[in-house]
Amino acid sequence: MAEQSKVTFIITRQDGPDAAPYEETFEVPYRQNMNVISALMEIRKNPVNSKGEQTTPVMWDMNCLEEVCGACSMVINGTARQSCAALVDQLEQPIRLEPMSTFPVIRDLIIDRERMFDALKQVKAWIPIDGTHDLGPGPRMPENKRQWAYELSKCMTCGVCLEACPNVNDSSNFIGPAAISQARLFNAHPTGEMNASDRLNGLMEAGGIDGCGNSQNCVQVCPKGIPLTTSIAAMNRATNIQAFKNFFGSDTAL
């Protein structure tokens, strides 16, 4: 790679949500240790394609550039991943960039991840404090639980797991593995578990956990190594128990 003076990118572009996609090729001067984001920045500075034609700058999402925010997800050489962590030296050329197909395209490589945030609403992936924040520290979480719960908290809503999941598509309303894992995270919290039944009932709604086909693609592609299939199995058991409670009545004294 060091001997090559240019890197070739074939980028799938789209001028708007309703426009037809098309491919455009760019050549970027090679620089050691460059990643896909830095190459896109070069194209933005001088938006001229490989034919020498002036064109519009390629649009993409980014924020932290440290594989923390999840904003720069895209399909690189056929695999959904974070473009900030994709080093040019480790990629086969020409490098193909496409938007993730699971989400609606806004423009070029920018996609709309609203379905992920709607899924978090469905499972109530938060801890309601209702003004109790001024009552001092809440109950402590046991260290062994904190350690595995911390792994779940690494989710950055990047959407890669949904892109890899065959059950998330235009014909399905499956919420995907990320939201299921977040329900497990908040149910494990000493304060959050007080509202555990609300999250479990959310998982049992249309598009919930029963939409999982156990392909296990999600756990293989997660950039943070989150044990998504473990969370799905745990929530599957928990929702079955909750279903019995709903049918027979709550075992909590009123």
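The values are calculated or read from the model by the stated rules, or taken from the named source; none is laboratory data. Model, not experiment: these values are computed from the prediction. Because the Cβ atoms are built from the backbone with ideal geometry, glycine has one as well, and the counts that use them run over all protein chains shown. These area figures cover heavy atoms from the full protein model, side chains too; ligands, DNA and RNA do not enter into them. Shrake-Rupley method; radii C 1.70, N 1.55, O 1.52, S 1.80 Å.
Name the helices (runs of 4 or more DSSP H) wholly inside region 178-254 in which the number of residues that are open to solvent by less than 40 Å² (accessible area, probe 1.4 Å) is 2 or more. So that I can check it myself, show each step before the final result.
Numbers: elements: 196-203, 217-221, 228-248.
Ranges flagged: 196-203, 228-248.
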Report summary line: When Val105 is run through (1) outside the structural domain of Cys64 (by TED's automatic domain parsing); (2) on the phi < 0 side of the Ramachandran plot, the failure sits at (1)
Query raised in the report: Restricting the search to region 104-116, which residues are of a type in the set (Asp, Glu), assigned to a loop (DSSP other than H, G, I, E, B) and surrounded by fewer than 17 Cβ atoms within 10 Å (Cβ to Cβ)?
Result: Asp112
Requested in this report: Kindly list, by first and then second residue, each pair from a residue in region 182-199 that is under 15 Å from Asp130 (Cβ atoms) and at pLDDT below 95 to a residue that is open to solvent by less than 50 Å² (accessible area, probe 1.4 Å) and assigned to a helix (DSSP H, G or I), limited to pairs with Cβ atoms under 7 Å and residues at least 6 apart or on different chains.
Outcome: Gly192/Phe186
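Taking Ala119, is it in the same structural domain as Thr157 (by TED's automatic domain parsing), of a type in the set (A, V, I, L, M, F, W, C) and assigned to a helix (DSSP H, G or I)? Lay out the reasoning, then the answer.
Values: in the same structural domain as Thr157 (by TED's automatic domain parsing): yes; of a type in the set (A, V, I, L, M, F, W, C): yes; assigned to a helix (DSSP H, G or I): yes.
Yes: the conditions hold for Ala119.
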**Report entry** Number of the exception - Pro137 against (1) out of contact with any Asp or Glu (no Cβ under 9 Å at 6 or more places or on another chain); (2) within 18 Å of Lys121 (Cα to Cα); (3) not hydrophobic (A, V, I, L, M, F, W, C)
**Finding:** (2)
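Do you know which residues across region 145-171 are of a type in the set (S, T, N, Q) and open to solvent by 50 Å² or more (accessible area, probe 1.4 Å)? Outline the logic, then answer.
Taking region 145-171 and keeping what is of a type in the set (S, T, N, Q), we get 147, 153, 157, 167, 169, 171.
Within region 145-171, Gln147, Ser153, Asn169, Ser171 meet the criteria.
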Query raised in the report: Residues Pro137, Pro142: which one is farther than 15 Å from Cys222 by Cβ, open to solvent by less than 90 Å² (accessible area, probe 1.4 Å) and over 12 Å from the mean Cα position of the chain (by Cα)?
Result: Pro142
